[in-house]
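The values are calculated or read from the model by the stated rules, or taken from the named source; none is laboratory data. A quick note: this is a predicted structure, and the numbers were derived from the prediction, not measured. Methodologically, a virtual Cβ is constructed for each residue, glycine included, from the backbone with ideal geometry; neighbour enumeration extends over all protein chains shown.
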Amino acid sequence: MMMEPSQERRPPITPQLALRVAIFGAVAFGLFAIIFFRLWYLQVLSGDKYVAEANSNRVRELRIQAPRGKIVDRAGRVIVRNRLAVVVELDPAKLPDAERKLALDWGQRMSERPTRSKRKRVRPIKIPPIPSDALRARYAKLARVLNTSAGAIHRRVVRSLVLVPYSTIRVKTDVPDSVLAYISERPEEFPGVQVEQTYLRDYPQGELAAQILGTVGEVSPKQLRRARFRGVKPGTIVGQGGLEFAYDRYLRGRDGIQRVQVDAFGRPIPSDRLRDVKEVAGQRLRLSLDLGLERVGQRALAGPLNPGNNPGAFVALDPTTGEVLALGSSPTFDPALLTKAITQKQYELLVDEAQGAPIFNRAISSAYPTGSTFKAVTALAGLHAGLITPGATINDPGCIQVGEAERCNAKQQAYGSVDLTRALQVSSDIYFYKLGINAFYRGGLVIQNWARKLGFARRTGIDLPGEFAGLIPDPQWRAEIGKRELACRKRKKISPQANVYAAGAAGCGISDLRPYNLGDTVNLAVGQGDLQATPLQLAVAYGAIANGGKVVRPHLGLEIESDRGELVQRIERDPARRIKIDPNNLAAVANGLHLAASAPGGTSADVFAGWPQDRYPVYGKTGTAQRGVKRDQSWYVAYVPDKKRPIVVAVTVEEGGFGAEVAAPIARLLLAQHYNQEKVVVQGSSQTR
Amino acid sequence: MSERPTTRLPAGLRLPFDPLLALAVIGLMTASLVTLDASTSNDVPGDPHFYVMRQGVFFAIGTIVAIVLSRIDYSRLRELKYGVYGLMLASILLVAVFGGVTRGSRRAIQLPFFEIQASELGKVLLVVALAAFTVDRSRRLGERDTTARLVLVAMIPAILVMSSDLGSGLVYVAILFSVMFVAGVSWRHFAGLIALGGIAITLVLSVAPALGVTVLEKYQTDRLTSFLYPSDDPNDAGYQQNQSRIAIGAGQKTGRGDQASQTRLKFLPEARTDFPYASIGERWGFAGAGLVLSLYALLVWRGLRILTLAKNLYGALIAGGIVATLLFQVFVNVGMNVGIMPITGIPLPLLSYGGSSVITTLLAIGLLQSIYAQGRVAAATKGRGRSF
C-alpha cells in the first residue's frame, strides 16, 4: 500500500534529519564524556586531596600547650618553673576589613623596602593610624581595661597580622584575675576578645643566673626550617636563648591537640571519630650549677668588694668533669621581664652599654686581655720549648730594654735573681718579658701554640649559645686586620699614613697597619695587648693545669629527668682534648701558683690569710689587665685540687683595679662557700699586673 | 497491506510507553529521594522527612500528569499554540510583577501550599508552542523570514526570563536552537545567529558596563567570575563552587557514606536545590555519581530515539526541544557541581528539590512518552513497526 502524502505525516526519517540527529547525539555524547572525565579526575585521581580539604573544613584543631620542663640546680632546687597566666587575645576574623587591609599594605611595604642601605640606617616604616573611629572606640575600651592605649593595641594587631596572619592576636599577657572577670562577664562589650590561659616561665631565684637561662618564645618561620626544630608545629613555644635554647629538645614537651568537629557555621557538632592528642609535659633539666655558689658569686660582684658596681663575671668548674658549678655575670636582671612583651625603654636598659648591658653574659661572651693570669700559659710554653727550665734563674733588675722601649715591673720593683716558681709567686714581668723575647727570636709561635692547645682563641664548647672565641694575636692575624684596615681606609678615603686614632675617628682604625713584631709577643707573654680571652676559657686552661692536661668541655646540663624526677639521661661530655705536659714542668708551674696564693710575698697570699692551705691548698694567680683608656681590669684564677670536690674558679671585674684587690677576695668567697669555710674577706695589697 | 501477525507481538503485550525511558525516570526519582533523605534529615527540626515527603508528593503529581499526558495525542496541542504561548508569557510577566525574590532573582509566585516558578513551566510551554509555529512554516523553512519569526517567538520569553534569571533564560535559547536545528533550518542562518549572539554578549559584558548601563546583576557577574577564579576568595563568591568540588572529590571511588561531612555539616550550600549532584558524589562516590550520569545518558538516548520514531514533524520537534532542555540543564548543573561551569540557578532535572522543576520535567517526559506511543500506533497502522 502506498503511503498517503499528508501535511501531518512526514516521510520516514530523511537523510537530513538523520544527520542532524546524529550530530545532536554526538554533542550529547561529548558533553557526557566531559563530565565523566571531570568526575574521574576529581574523585579517582585527586580524591585524597579533597578528603583532606573536607577534613580540614570540619575539624578545628585547638592546641593544648604542654608545660615546659623545669630547670633545677644540682641539688634539685628549682631555678625555672611554669605558672599559669591569663592572656587577652583578639580574633582576627572579627576585625574590620579595613584593619586587615591596612596590615596587609603595611606588611607589603615592609617587605619591599631594602633591608640594608649603604649610606644610612633604614628607617622603619610607620604603622598608619587606626582606620575607623568605630575601631578606635573598640580598642580604646579594651585599652582602658588593660591599662594600655588604643594606639598600642592597634600597632600590636597590625604587627601580628603581618607576622602570623591567621592566628589569634595576643593583646596582653598576664592580666590580673579582676580584668579576666570583667572581660568575660561582658562579652558583648568586647567583640572578638578572647581570654585564654597560658604557661609563663617563672623564676623563683629572681635575678640569679639570669643570663644563662635564656628566654622562650613562639618558634619563628625561619627556625622551623632548621633541623633542630624538625617536627615542631608552628605556634609552639620553644627556647630562644641560653639553656632554654640549648636543651629545648628535652624541655619543650609536645603540645596536645583537641579536635572539634564544626559545621559550616562554626558550631561544634559532636563526633566520636575524632581523637584528641594528649599533651606531653617537657622533661626536667638538672644543672651542674650549685645555687649556693652561684648566689655567693653574684652577691659578691654586686657587693661592697665592687663599690663602683663595675661589670664582672665569675666561673667555677669541676676541673675533672667540666661541670659548671657557677657561672654568672654582673650586672644582672630579672628574667621574668622577658616572659612578656617588654617596652622599648625596658629593652634599652637591658642592652645599654652605659648600664652595663645586663643581658650580656660576660663569662662566655666577653673577651679581655687577662693580665698576669696568662703567665702560667707562657710558662708552660717556655718549658715545653726548652726556652726555660724549672731551676734556671734570671736577674730581674726591675726594668729592661725591649726593642726600642724600656719595660718595667709594676712600680719598677726589682726582684733580683728569680726562677720560674718565684717569678709566678711574685708575678715578675721581667722574667716573662725575657721569655717572650726568647720565644720571639726562637720563632714558631711557641706561646700562641700552647695557648691554643689550652683552649684559647676557640670556643670551649659550653652548652650555651653565644660563646665568643676570643683571640690570640699572631702574624697572620696582624696581616689580616691590616688588609681589612687598608680596605676600610680606601673606602673612606683615609690616607694609609694617617695614624690609628685619626682613622678610628673616621670609622676605621682597627689596626695601625704595622706588621707583627717583638712587642706583640712580649705583650702576649704577660697577658696584655691584643690577647682576648673569656673568663670561661681561663678557667678551662687552669683546669687543664689542675688535672694534668685534660682540656674539658664545660657543661651546665647534668641530667635529663622525667617531669616526676626519674633519671632519663645523664649528660656527659668528653674533654675537647688531652695535652701532654711534662710532670716536672707541671709541678714547677703549680708550685709557683701555690706559693703565689700561700707564701709570703705571693701576690694573693694576704688574700688567703687564715685559709686552711693544708686541707684545701689554693693554686692561684692574680691578673691586672691594662685596657687603654679604661682603668685596669681585675682578674683572679685559682684551683683547689681536692680529691673529692676539686674546683677551678675565674673571676674578673672590669675596671676593678689590681687582681689582688677585688677579684681575688671574691674568688676566696667562692672557695669558702664550696668548702664550707668561714667567709673572710681580705683585700690583697699586691699591686702587680 | 498484509497482516503479518507472526512477526508482531500480541497487542496486549506491547507497552504503550518506552520502558527504558520510564526506567531512567524511575531511577532518577529514586536517587533524588534517597539523596534528599540523606542530606536534609537535619534541615527541619523535628521532621527529618520534610523534604523527602514533599518531593515524593511532587513526583506523584508529576507522574500522574505524565501518565495522563502520555495517553493523549500530543498533536492536538498544536491547535492550542496561541493559548499555550499566551499562557507562558502571561505567567512569566505575572512573576516579574508579583513574584517573590530568591537569592537576588525574582522567580516564583507564592501560592498557599507551594510556589510556582513560571520560568520552569515555561520551558515545556515554549517547546510546545515553538514546535507548532515551526510546523506551520515547515514548507518555508529555508527562508530568512521564518528564522526571524522563530527567533522572535522564542527570544521574547527568553529575554523576559533572563532579566531576572540568566540561567533559565539560556535554557530558552537552547530550546530555540534545538527546535530550529531539528526542523532543518539552514546552517547559514545558524552561523548568522551565532554571530549576532556574540555581538550581543560583547555588548552586555563589556560595552554596556563601560557606558554605565547595568545589564547583568551584581550577583550574576560575581557568579560568572567566581567560575573563572574559583578559589579566589573561599569566603565569598567562589565558596559554593569550591565546597562543591571538595564534596565531590572527597567522595572518591565509593563515597563517604555517613561520613559525608561536606553535605551533613552544611559546607555544601544549597545541597537540595543547586548541588544535589555534589551531595551524591560525596556520599556514594564515583560509583553513585557515575550511575546517575548514566541514567541521564539513558534519558537523552531514549529522547533522541523517540525523536526518530515520531509520527510527524511536530512530534520530532517537541522531542528535540525536550531533549535539548534536559541535556542543557544536566550539563550546566552538573558542570557547575564539578566546577567546570559557572554558577547559575539551573536545577538538575528530577534530582533538584522543587515542585515546579519536577512537575515540568515529568510533563516533558509525559510528552515524550506520548510521542513514542503515537509513533508506535502510527507505525503499526502502516505496518512499518520497528523494534528499537
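Take segment A:608-663 and flag every residue that is in contact with a Pro (Cβ under 8 Å, 6 or more places away or on another chain) and polar (S, T, N, Q). Passing the criteria: A:GLN626, A:GLN633, A:THR652.
Could you grab me the full set of residues in segment A:481-497 that are surrounded by 13 or more Cβ atoms within 10 Å (Cβ to Cβ) and modelled with pLDDT under 85? Within segment A:481-497, just A:ILE494 meets the criteria.
Listed by first and then second residue, the pairs linking a residue in segment B:326-338 that is free of Cβ contacts under 8 Å to residues at least 60 places away in the same chain and more than 9 Å from every other protein chain (Cβ to nearest Cβ) to a residue that is in a helix (DSSP H, G or I) and of a type in the set (S, T, N, Q), with Cβ atoms under 9 Å apart and 6 or more places separating them unless they lie on different chains, are B:LEU326/B:THR361. Restricting attention to segment A:38-88, the residues that are hydrophobic (A, V, I, L, M, F, W, C), within 14 Å of chain B (Cβ to nearest Cβ) and touching a strand residue (DSSP E or B) at 6+ places or on another chain (Cβ under 6 Å) add up to 1.
Applying the set (1) among the polar types (S, T, N, Q); (2) under 23 Å from A:ILE23 (Cα atoms); (3) more than 9 Å from chain A (Cβ to nearest Cβ) to B:ASN312 leaves exactly one unmet item: (3).
Does A:GLY235 qualify as being surrounded by fewer than 16 Cβ atoms within 10 Å (Cβ to Cβ) and touching a Ser or Thr at 6+ places or on another chain (Cβ under 8 Å)? Yes. Residues of segment B:299-342 that are more than 18 Å from A:GLY30 (Cβ to Cβ) and not in a helix (DSSP H, G or I): B:ALA310, B:LYS311, B:ASN312, B:GLY339, B:PRO342.
Among the conditions (1) away from every other protein chain (no Cβ under 14 Å); (2) crowded, with 23+ Cβ neighbours inside 10 Å, B:PRO342 misses just one, which is (2).
Filtering segment A:578-595 for residues that are more than 34 Å from the chain's Cα centre (by Cα), at pLDDT 90 or above and charged (D, E, K, R) leaves a non-empty set. State whether one or more residues within segment B:346-353 are outside any loop (DSSP other than H, G, I, E, B) and more than 10 Å from the chain's Cα centre (by Cα). Scanning segment B:346-353, I find no residue that is outside any loop (DSSP other than H, G, I, E, B) and more than 10 Å from the chain's Cα centre (by Cα), so the answer is no.
The condition (being more than 22 Å from the chain's Cα centre (by Cα), touching a residue at least 60 places away in the same chain (Cβ under 8 Å), within 26 Å of A:PRO554 (Cβ to Cβ) and assigned to a loop (DSSP other than H, G, I, E, B)) is satisfied by just one residue among A:LEU289, A:LEU305: A:LEU305. Taking residues in segment A:383-401 that are on the phi > 0 side of the Ramachandran plot, and partners anywhere that are part of a loop (DSSP other than H, G, I, E, B) and hydroxyl-bearing (Ser, Thr, Tyr), the pairs with Cβ atoms closer than 9 Å and at least 6 places apart or on different chains are A:GLY398/A:TYR415.
Among residues of segment A:406-436 being among the β-branched types (Val, Ile, Thr) and crowded, with 21+ Cβ neighbours inside 10 Å, the one that is farthest from A:THR370 (Cα to Cα) is A:THR421. With respect to (1) out of contact with any Asp or Glu (no Cβ under 9 Å at 6 or more places or on another chain); (2) surrounded by fewer than 19 Cβ atoms within 10 Å (Cβ to Cβ); (3) not polar (S, T, N, Q), the lone exception for A:VAL219 is condition (2). Taking the criterion of being among the small types (Gly, Ala, Ser), assigned to a helix (DSSP H, G or I) and surrounded by fewer than 20 Cβ atoms within 10 Å (Cβ to Cβ), the only residue of segment B:143-168 that qualifies is B:ALA148.
Is it fair to say A:ALA313 is in a helix (DSSP H, G or I), surrounded by 15 or more Cβ atoms within 10 Å (Cβ to Cβ) and hydrophobic (A, V, I, L, M, F, W, C)? Step through it out loud before you land on a result.
Values: in a helix (DSSP H, G or I): no; surrounded by 15 or more Cβ atoms within 10 Å (Cβ to Cβ): yes; hydrophobic (A, V, I, L, M, F, W, C): yes.
Criteria not met by A:ALA313.
Total residues in segment A:237-264 satisfying the condition of being under 21 Å from A:LEU62 (Cα atoms) and either part of a strand (DSSP E or B) or not basic (Lys, Arg) (or both): the figure is 14.
Here the helices (runs of 4 or more DSSP H) wholly within segment B:177-259 that include at least 1 residues being within 12 Å of another protein chain (Cβ to nearest Cβ) and modelled with pLDDT under 85 are B:239-251. With the structure loaded, tell me whether B:TYR277 is under 21 Å from B:ILE346 (Cβ atoms), within 10 Å of another protein chain (Cβ to nearest Cβ) and either in a helix (DSSP H, G or I) or touching a Lys or Arg at 6+ places or on another chain (Cβ under 9 Å) (or both) or whether it fails that test. The answer is yes for B:TYR277. When segment A:260-303 is limited to residues that are surrounded by 14 or more Cβ atoms within 10 Å (Cβ to Cβ) and charged (D, E, K, R), the one that is nearest to the other protein chains (Cβ to nearest Cβ) turns out to be A:ASP263.
When A:GLY25 is tested against (1) more than 30 Å from B:GLY321 (Cβ to Cβ); (2) more than 45 Å from the chain's Cα centre (by Cα); (3) modelled with pLDDT of 90 or more, just one condition goes unmet, and that condition is (1). What is the one condition in (1) closer than 30 Å to B:GLN262 by Cα; (2) more than 24 Å from the chain's Cα centre (by Cα) that A:VAL280 does not satisfy? It is condition (1) that A:VAL280 fails. Does A:ALA660 satisfy the criteria of being hydrophobic (A, V, I, L, M, F, W, C) and either at pLDDT below 95 or in contact with an Asp or Glu (Cβ under 8 Å, 6 or more places away or on another chain) (or both)? It is true that A:ALA660 is hydrophobic (A, V, I, L, M, F, W, C) and either at pLDDT below 95 or in contact with an Asp or Glu (Cβ under 8 Å, 6 or more places away or on another chain) (or both).
Taken together, A:GLU188, A:GLU196 contain a single residue that is in a loop (DSSP other than H, G, I, E, B) and over 28 Å from the mean Cα position of the chain (by Cα), which is A:GLU188. Among the residues of segment B:280-289, those identified as surrounded by 20 or more Cβ atoms within 10 Å (Cβ to Cβ) and either at the interface with chain A (Cβ under 10 Å from one of its Cβ atoms) or not β-branched (Val, Ile, Thr) (or both) are B:GLY281, B:GLU282, B:ARG283, B:TRP284, B:GLY285, B:PHE286, B:GLY288, B:ALA289.
Being surrounded by 23 or more Cβ atoms within 10 Å (Cβ to Cβ), more than 15 Å from B:LEU368 (Cα to Cα) and among the hydrophobic types (A, V, I, L, M, F, W, C): is that true of B:VAL292 here? It is true that B:VAL292 is surrounded by 23 or more Cβ atoms within 10 Å (Cβ to Cβ), more than 15 Å from B:LEU368 (Cα to Cα) and among the hydrophobic types (A, V, I, L, M, F, W, C). Of everything listed in (1) more than 8 Å from chain A (Cβ to nearest Cβ); (2) hydroxyl-bearing (Ser, Thr, Tyr); (3) closer than 25 Å to B:ARG54 by Cβ, the single unmet condition for B:SER294 is (3).
Per-residue answers, yes or no, for (1) surrounded by fewer than 16 Cβ atoms within 10 Å (Cβ to Cβ); (2) in contact with a helix residue (DSSP H, G or I) (Cβ under 7 Å, 6 or more places away or on another chain); (3) small (Gly, Ala, Ser):
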| site | (1), (2), (3) |
| --- | --- |
| A:ASN547 | no, no, no |
| A:PRO554 | no, yes, no |
| A:LEU567 | yes, no, no |
| A:GLU572 | yes, no, no |
| A:ALA609 | yes, no, yes |
| A:VAL618 | no, yes, no |
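Criterion first (at pLDDT below 85 and more than 14 Å from every other protein chain (Cβ to nearest Cβ)) does A:ARG100 satisfy it? No; evaluated as a whole, the condition is false for this residue.
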